[in-house]
Amino acid sequence: APTVAARLGAPKITGPMISQACATSVACIHVAAMATESGTGAVNLVVATDRTSNGPHMVYPSPSAPGGMPTGEDWVMENFRRDPWAGKSMTETAERLAGEAGITRKEVDEVTVLRHEQYRESLADDRSFQRAYMVPVHVPKRRDHEVVEKDFGIHDTTAEGLARLEPVIDGGVVTYGGQTHPADGAAGALLTTRERAVELSRGEGVVRILSSAF
C-alpha cells in the first residue's frame, strides 16, 4: 500500500493490504465501505491486483536439509491442489458440490458457453462496453513501453468443442474448458459518500453499494 501511494504521488496516505484469496476484491470494497460509513475517511481509494497466469514461486531456506536444499511453494497451484481445511483440490470440491446439488455436465457446459457469449457481446462496437470501464496501461520496457488495453489469451468456445473434452476426474462434470481464464488484472474504485461521489464524477458513473457479504 505505501508503494502504491508513493507512485501516485500521495505520500501522506496509507491503508491496509488485504488478501482474501478469491474474495479479495469483495473484502477490499467491504472494508472501504465500512470506513466511509464510519466517517473515518472522506474518500477511500481501492486498488486491486490479481496475478494468476504467472503466480509467484516462494523459496524458503533450509540449511539443515541435505545439501542445504531449500523448500518451495507455489501460491497459486498449492491453493488449487489442496484446500487447507478440507484437504481436497478445487476440482474435487467442485465435483462434490455438483453431486450434492445435482448439477450435470450439460448444465456446466451451457453456463460456460453462456459466459463466452456474454464476453463476445462486450466486444461489439469496437469494445464500447469494455471501454466504459477499462483504461489502457503503459508497461515500461527496456527501450520503449507496451500498451495493454484489452484481454489476452481468451479462447473461443463452442458447445460442440466442450462436449468433446474429457472430465478432469473420471465421471465428473468439470473439464478444462470450463475453467476460469488464468488472466492477470487490476482494478480501482473510489468509495465515498453519495454527495462527494456526485461531485467528483460530475453526476456520471455513480454506483451505490447497498450491501456486501463474503
- Query: In whole angstrom, how far apart do the alpha carbon centroids of the range 143-190 and the range 75-94 sit?
  - Reply: 19
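To the nearest 0.05, what FRET efficiency results for GLU78 and ILE209 with a Förster distance of 35 Å applied to their C-beta separation?
Values: r = 33 Å, r/R0 = 0.94.
With a Förster radius of 35 Å, E is 0.60.
Starting with the highest mean, order 48-54, 141-147 by the number of other Cβ atoms within 10 Å, averaged over the residues of each peptide.
Numbers: 48-54: 13.1, 141-147: 7.9.
Order by mean packing, descending: 48-54, 141-147.
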- Message: Can you tell me which of GLY185, GLY68, GLY171 moves the most in a GNM of the chain? Springs connect C-alpha atoms under 10 Å apart.
- Response: GLY68
- VAL47 and ARG143 label points (each 7 Å along its Cα→Cβ direction) are spaced in nm at 3.0
- Query: Reachable aspartates and glutamates from LYS88, Cα under 19 Å, same-chain residues fewer than 8 places away excluded?
  - Reply: GLU73, ASP74, GLU78, GLU100, ASP170
- Whole-Hz ³J(HN,Hα) from phi, Karplus 6.51 cos²θ - 1.76 cosθ + 1.60, for the range 171-179, glycine and proline x: x, x, 10, 8, 10, 5, x, x, 6
- Query: How much accessible area does VAL139 have with a 1.4 Å probe, in Å² rounded to the nearest 10?
  - Reply: 50
- Task: Using only the alpha carbons of the chain, determine the length spanned along each of the three principal axes and report them from longest to shortest in whole angstroms.
- Result: 57, 56, 45
- Query: Which whole-Hz ³J(HN,Hα) couplings does the range 49-62 yield from phi under the Karplus relation 6.51 cos²θ - 1.76 cosθ + 1.60, θ = phi - 60°, glycine and proline marked x?
  - Reply: 10, 9, 10, 10, 5, 9, x, x, 9, 8, 10, 10, x, 9
- Item | the range 154-214 - convex hull of the alpha-carbon atoms, volume per residue in Å³ | 181
- Query: Membrane-span-like helices in the chain: DSSP H runs reaching 15 Å or more (Cα, own axis), mean Kyte hydropathy at least -1.0?
  - Reply: 24-38, 90-101
- Message: Going Cα to Cα from LYS150, which lysines come in below 23 Å? Please leave out same-chain ones fewer than 8 positions away.
- Response: LYS141
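The values are calculated or read from the model by the stated rules, or taken from the named source; none is laboratory data. Only a predicted model underlies this, so the values are computations on that prediction, with no experimental measurement involved. Heads up, the Cβs are rebuilt from the backbone with ideal geometry, glycines too, and the neighbour counts pull from every protein chain shown. Surface areas here come from the heavy atoms of the whole protein model, side chains and all, with no ligands, DNA or RNA. Shrake-Rupley method; radii C 1.70, N 1.55, O 1.52, S 1.80 Å.
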